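The numbers here are math on the coordinates, done by the rules we state, and not lab data. Worth saying up front: this structure is predicted, and the values here are computed from it rather than measured. Cβ sites come from the backbone with ideal geometry, for glycine too, and all protein chains shown count toward neighbours.
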Amino acid sequence: MSAHAADSRVVDLTLRAVWAAWSVPIDEIKGRRRTARVVQARKALMLLLHEQGFSYPRIGAVLGRHHSTVIHGVRRMQREAAVSRKVSDRVQTARCVVETAAVARATVCHGCGRPLPVAVVEAGDVAA
């Protein structure tokens, strides 16, 4: 598998995880809409991709945004997750989905035992 194909798979998996945790459609996460819920989901995606080793310019390319916007989004989400238990829980749920689905199809996170969102489990083999 090429590096580009692996990157696409990780982006797709992370998008699905954020979609499930925030209930925001993928096209809106990648789109231009700026409602609070959509922006928060988009910032979570930026944070999760950065945690997986994606560079700020690469994340910007995926979302059609400048890398400085991505830097700001990652920092904002880190601050929001540190202050809000609800935001922190959603980020952790999305993180669990990514980590678990990358290993194997499962309904429970291998790391923390949290149940995975039904939408991701029913989406099929997201790791393939």
Rounded, prolate or oblate (a/c below 1.5 giving rounded, otherwise prolate when a/b exceeds b/c) for the range 1-61 by Cα gyration tensor
prolate
Taking Rh as the Kirkwood radius computed over alpha-carbon pairs of the range 41-106 and applying Stokes-Einstein at 25 °C with viscosity 0.890 mPa s, one gets a diffusion coefficient in µm² s⁻¹ of 201
What ranking do 35-41, 91-97 get when scored by the average of other Cβ atoms within 10 Å per residue, highest first?
91-97, 35-41
Grab the Cα-Cα distance for Glu28 and Ala5, subtract it from 0.36 nm times how many residues apart they are, and report the gain in nm with one decimal.
6.0 nm
